[in-house]
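Enquirer: Quick one: structure below, then a few questions.
The values are calculated or read from the model by the stated rules, or taken from the named source; none is laboratory data. Bear in mind the structure is a predicted one, so any value in this text is a computation, not a measurement. Note: ideal-geometry Cβ built from the backbone for every residue, glycine included; neighbour counts use all protein chains shown. Please note that ligands, DNA and RNA were not included when accessible areas were found on the heavy atoms of the full protein model with its side chains. Shrake-Rupley method; radii C 1.70, N 1.55, O 1.52, S 1.80 Å.
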Amino acid sequence: MTHTDQPTDIRPSTGRTVLISGAGIAGPALAFWLNRCGHAVTVVEKAGTPRSGGYPIDVRGTALEVVRRMGILPRLREAHVDLRRLTFLEGDGRVVASLHPHAVTGGVAGQDLEVRRGDLTDALHAAVRDDVEFVFDDSIETFDQSAHGVDVAFRGGGSRTFDMVIGADGTHSRTREALFGPEEQFHRYLGYCFAVFTVPNTLGLSHETVMWNTPGRAAALYAVGAGEEVHAFLNFARPKPPFDAFGDPGAQRDLLTEVFADAGWEVPGMLAALDDTDDLFFDAVSQIRMPRWSSGRVALVGDAAYTPSFLTGQGTSLALVGAYMLAASLAGRAPAPGFAAYERTTRAFVTVNQGLVGEGGATLFPTTAEALRQRNDRLRGLTALPSGEGRPAHSALTLPEFPPTR
């Protein structure tokens, strides 16, 4: 294994040894709270370093209390993107409506956060790096459970035994596959594919998103600030996921070029930029829905257990809240009853937030001309939500107090 970020002063642990697979959002957040419980935590991550950059993400509702209790809320407030305008365009480029983003997302001005993904992962890593062990450029190859622990073999060589293993390794979790079988049985495809990548800011956009739509297709430019680059977003409807394109950037570029070949507005320039971009992210719009999130001494958290899809805007918040609830449930409990408590206390929150897909998320991307006309009519009549209100699902769980252990 390659230890690129070893702890310098780990306090003596009276708890169990825990391996977390994944150093994105759920993994470091869980490591923080498990360390507070006295567990000896190791985080293994296949990337060589903490992942910086990335598109903006939202932290809302109950998740805001999680980051406040972690002590990183002031840092995230400073990193807040402050998106001020969301403009929708017709297929010919005419403006449909220009709104404050909260009118569409159900966010709360002055409270909810939108930050670059890398700013959040950096803050999480900084909060925990001195207290837990991080192993980068490695991953779990296999694991084998017994009454005494989980024997883990690492892809980079070597093996260790842990009391528990937690998969925080994303929608396409290898931990979940090893524990429960192929992803297909838990994968709920929502009828779209999407791509995100950076392009030059040729329109001079600042703190805003501009979205172009035709039936079954959408393209957007997202300007976090007034910089030289913006995030390009392409979304298109497809009856079945293009499995042959996953894992093949060349096939992804070909598919995007084919689907958007006759598109107008700024789309030709976006397609041209595909040849030069080195940060293309392509995936299906989907959810992960599972009847249970654990088996024996191994459990899942965040997208590995309950991806809600970007249509809900709640992926990051579910990861943060899920990590907190899992750690709180394990405090003073053995793995099996701890995991059971985690599911019992958290599943309703996950379910209601995954259900936001049915409350308008997918209607932003209509697949027929009539549905697009209806959506545009609704947008023209839309006003911002009353100050201080958001979608009830965002705050549908009240966090328990975290058990003091030291």
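Enquirer: Checking THR346 against (1) open to solvent by less than 10 Å² (accessible area, probe 1.4 Å); (2) assigned to a helix (DSSP H, G or I); (3) farther than 30 Å from ASP144 by Cβ, which single condition isn't satisfied?
Expert: For THR346, the exception is condition (3).
Enquirer: Here is a list: ARG116, ARG36, ARG85, ARG51. Which entry is of a type in the set (Lys, Arg) and within 30 Å of ARG333 (Cα to Cα)?
Expert: Sole residue among the options that is of a type in the set (Lys, Arg) and within 30 Å of ARG333 (Cα to Cα): ARG36.
Enquirer: Does GLY332 fit the bill of being of a type outside the set (Lys, Arg), more than 24 Å from ASP283 (Cα to Cα) and not in a helix (DSSP H, G or I)?
Expert: It is true that GLY332 is of a type outside the set (Lys, Arg), more than 24 Å from ASP283 (Cα to Cα) and not in a helix (DSSP H, G or I).
Enquirer: Residues being in contact with a Gly (Cβ under 8 Å, 6 or more places away or on another chain) and surrounded by fewer than 24 Cβ atoms within 10 Å (Cβ to Cβ): count how many of those fall in the range 286-309.
Expert: Looking only at that region, the number is 1.
Enquirer: Right, something else. Which one of the conditions (1) of a type outside the set (Gly, Ala, Ser); (2) in contact (Cβ under 8 Å) with a residue 60 or more places away in the chain; (3) open to solvent by 50 Å² or more (accessible area, probe 1.4 Å); (4) in contact with a helix residue (DSSP H, G or I) (Cβ under 8 Å, 6 or more places away or on another chain) does ARG333 fail to meet, given that it meets all the rest?
Expert: With (1) of a type outside the set (Gly, Ala, Ser); (2) in contact (Cβ under 8 Å) with a residue 60 or more places away in the chain; (3) open to solvent by 50 Å² or more (accessible area, probe 1.4 Å); (4) in contact with a helix residue (DSSP H, G or I) (Cβ under 8 Å, 6 or more places away or on another chain) applied to ARG333, the lone miss is (2).
Enquirer: For the range 203-236, give me each residue that is among the hydroxyl-bearing types (Ser, Thr, Tyr) and either closer than 15 Å to ARG116 by Cβ or outside any loop (DSSP other than H, G, I, E, B) (or both).
Expert: THR209, THR214, TYR222
Enquirer: Considering each of ALA195, ALA232, ALA220 in turn, give the residue that is without any contact (Cβ under 8 Å) to a residue 24 or more places away in the chain, open to solvent by less than 40 Å² (accessible area, probe 1.4 Å), closer than 23 Å to ILE57 by Cβ and under 21 Å from the mean Cα position of the chain (by Cα).
Expert: Only one candidate qualifies: ALA220.
Enquirer: Out of VAL115, VAL81, VAL108, I need the residue that is part of a loop (DSSP other than H, G, I, E, B), closer than 30 Å to PRO366 by Cβ and open to solvent by less than 10 Å² (accessible area, probe 1.4 Å). Which one?
Expert: VAL81
Enquirer: Can you tell me which condition ARG75 does not meet? The list is (1) open to solvent by 50 Å² or more (accessible area, probe 1.4 Å); (2) in contact with a His (Cβ under 9 Å, 6 or more places away or on another chain); (3) assigned to a helix (DSSP H, G or I), and all the others hold.
Expert: (2)
Enquirer: Still on this structure: Quickly run through the range 92-105 and pick out the residues that are surrounded by 13 or more Cβ atoms within 10 Å (Cβ to Cβ) and part of a loop (DSSP other than H, G, I, E, B).
Expert: HIS100, PRO101 - these are the residues of the range 92-105 that are surrounded by 13 or more Cβ atoms within 10 Å (Cβ to Cβ) and part of a loop (DSSP other than H, G, I, E, B).
Enquirer: Is the range 148-164 home to any residue that is within 30 Å of LEU382 (Cα to Cα), surrounded by fewer than 17 Cβ atoms within 10 Å (Cβ to Cβ) and in contact with a strand residue (DSSP E or B) (Cβ under 6 Å, 6 or more places away or on another chain)?
Expert: no
Enquirer: While we're looking at this one, here's another question. Does any residue in the range 288-305 that is farther than 12 Å from ILE166 by Cβ and modelled with pLDDT of 95 or more come within less than 9 Å, Cβ to Cβ, of a residue that is acidic (Asp, Glu) and assigned to a loop (DSSP other than H, G, I, E, B) six or more places away or on a different chain, and which pairs are these?
Expert: ASP303/ASP169
Enquirer: Quick one: which of GLY191, GLY149 is of a type outside the set (Phe, Trp, Tyr), on the phi > 0 side of the Ramachandran plot and touching an Asp or Glu at 6+ places or on another chain (Cβ under 9 Å)?
Expert: Just one listed residue meets the conditions, GLY149.
Enquirer: Separate question: Being in a helix (DSSP H, G or I), hydroxyl-bearing (Ser, Thr, Tyr), touching a residue at least 12 places away in the same chain (Cβ under 8 Å) and open to solvent by less than 20 Å² (accessible area, probe 1.4 Å), is that true of even one residue in the range 315-322?
Expert: yes
Enquirer: Against the definition (surrounded by 20 or more Cβ atoms within 10 Å (Cβ to Cβ), out of contact with any Cys (no Cβ under 6 Å at 6 or more places or on another chain) and small (Gly, Ala, Ser)), how does SER206 come out, yes or no?
Expert: Here the answer is no, as SER206 does not meet what is asked.
Enquirer: So the check is Cβ under 6 Å with 6+ separation or different chains; which pairs have a first residue in the range 91-109 that's more than 10 Å from ARG391 (Cα to Cα) and a second one that's open to solvent by less than 30 Å² (accessible area, probe 1.4 Å) and of a type outside the set (A, V, I, L, M, F, W, C)?
Expert: These pairs meet every condition: GLY91/THR214; VAL96/ASN376; SER98/THR87.
Enquirer: Can you pull out every residue in the range 264-299 that is under 14 Å from the mean Cα position of the chain (by Cα), closer than 27 Å to LEU19 by Cβ and either assigned to a loop (DSSP other than H, G, I, E, B) or hydrophobic (A, V, I, L, M, F, W, C) (or both)?
Expert: Selection gives PHE281, ILE288.
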